[in-house]
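Encoded as structure tokens, the structure appears first; notes follow it.
The values are calculated or read from the model by the stated rules, or taken from the named source; none is laboratory data. Quantities reported herein were computed from a predicted structural model and do not represent experimental measurements. Note: ideal-geometry Cβ built from the backbone for every residue, glycine included; neighbour counts use all protein chains shown. When the accessible area is computed, the model is the full protein with side chains, heavy atoms only, and any ligands, DNA or RNA have been set aside. Shrake-Rupley method; radii C 1.70, N 1.55, O 1.52, S 1.80 Å.
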Amino acid sequence: NKIDYSLGWSWAGDSFKAKSRFKPYWYAMRNPITSVLRYCNKRNIKVNRILEVGCGGGTFGVGFMIHNLDVYFIDASIDMLKVCSNNIKKVLFSRKNKNIEGRLFCQDMFNLGFKDEQFDLVINEGVYEHLHEKDVRKRFLEASKRVLKKGGCVFIAIPNNKHPMTAYWKKKGYCWLDENSPYCEIVLSAEEFKNELEESGFYDVYCDGCRLWDF
């Protein structure tokens, strides 16, 4: 039966498709890495240097490194940067091109230690939704905008409680799904998210859904 995907991805009913060797066109378009690079290509943004803010284990930024792009990783946790370093080494070991390199920095995401207009693309995933106050999110956006080259692109991914494991995690009582926890994830509509970006000086704002966990 034909499925209408305009309303979003149904993890419960359609997750088996992720195992298929035969991935249809819309499937490939939803890969966040390739979607971002297509977006930049359509707007003639030449991407060479990327900054991932709040990188954690670095899985997201490593996805861009595989395209032989220069990625700088930022996180406030030394322990997470160690995990990120190990993940980068695994990728380099398995790749023919040994010239790609990840640069790791332990920094505050509100006070990035880089000069203005240094990066073609600034990315983050699993960060924005933990900033509960709108003025704090604005500070974060302004810090990212400062280090972005004119005409560059910012990509922000927000899970919005749509991770396929969300129901399981709620039963287990994980803090990021507990409304009384300071680590709880906020949920933003596409319109709210778009407005916050535009209020911080971004333009040509595009909000869409993608499956972050399939890359």
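Got a number for residues in region 34-67 being crowded, with 20+ Cβ neighbours inside 10 Å, closer than 23 Å to Lys89 by Cβ and in contact with a Phe, Trp or Tyr (Cβ under 7 Å, 6 or more places away or on another chain)?
Number of matching residues: 7.
Modelled with pLDDT under 85, open to solvent by 70 Å² or more (accessible area, probe 1.4 Å), part of a loop (DSSP other than H, G, I, E, B) and of a type in the set (D, E, K, R): is that true of Lys162 in this structure? Outline the logic, then answer.
Values: modelled with pLDDT under 85: yes; open to solvent by 70 Å² or more (accessible area, probe 1.4 Å): yes; part of a loop (DSSP other than H, G, I, E, B): yes; of a type in the set (D, E, K, R): yes.
Against the criterion (modelled with pLDDT under 85, open to solvent by 70 Å² or more (accessible area, probe 1.4 Å), part of a loop (DSSP other than H, G, I, E, B) and of a type in the set (D, E, K, R)), Lys162 qualifies.
Suppose we filter Trp176, Trp169 for residues that are farther than 15 Å from Gly126 by Cα and not in a loop (DSSP other than H, G, I, E, B); which single one remains?
Working: Trp176 fails: farther than 15 Å from Gly126 by Cα.
Checking each option against the conditions leaves just Trp169.
Considering Asp79, Asp75, Asp14, which residue is at pLDDT 65 or above and exposed (fewer than 13 other Cβ atoms within 10 Å of the Cβ)?
Just one listed residue meets the conditions, Asp79.
How about region 175-215: which of its residues are aromatic (Phe, Trp, Tyr), at pLDDT 75 or above and surrounded by 14 or more Cβ atoms within 10 Å (Cβ to Cβ)?
If the condition is that a residue be aromatic (Phe, Trp, Tyr), at pLDDT 75 or above and surrounded by 14 or more Cβ atoms within 10 Å (Cβ to Cβ), then Phe193, Phe202 are the ones that fit.
Among the residues of region 56-73, which ones are closer than 12 Å to Asn87 by Cβ and part of a helix (DSSP H, G or I)?
Residues satisfying the conditions are Thr59, Phe60, Gly61, Val62, Gly63, Met65.
Among the residues in region 141-148, are any under 26 Å from Phe73 (Cβ atoms) and in a loop (DSSP other than H, G, I, E, B)? Reasoning before the result, please.
Restricting attention to region 141-148, the residues satisfying the condition of being under 26 Å from Phe73 (Cβ atoms) are 141-148.
Imposing the further condition that a residue be in a loop (DSSP other than H, G, I, E, B) reduces the set to 147.
Yes: region 141-148 contains one or more residues that are under 26 Å from Phe73 (Cβ atoms) and in a loop (DSSP other than H, G, I, E, B).
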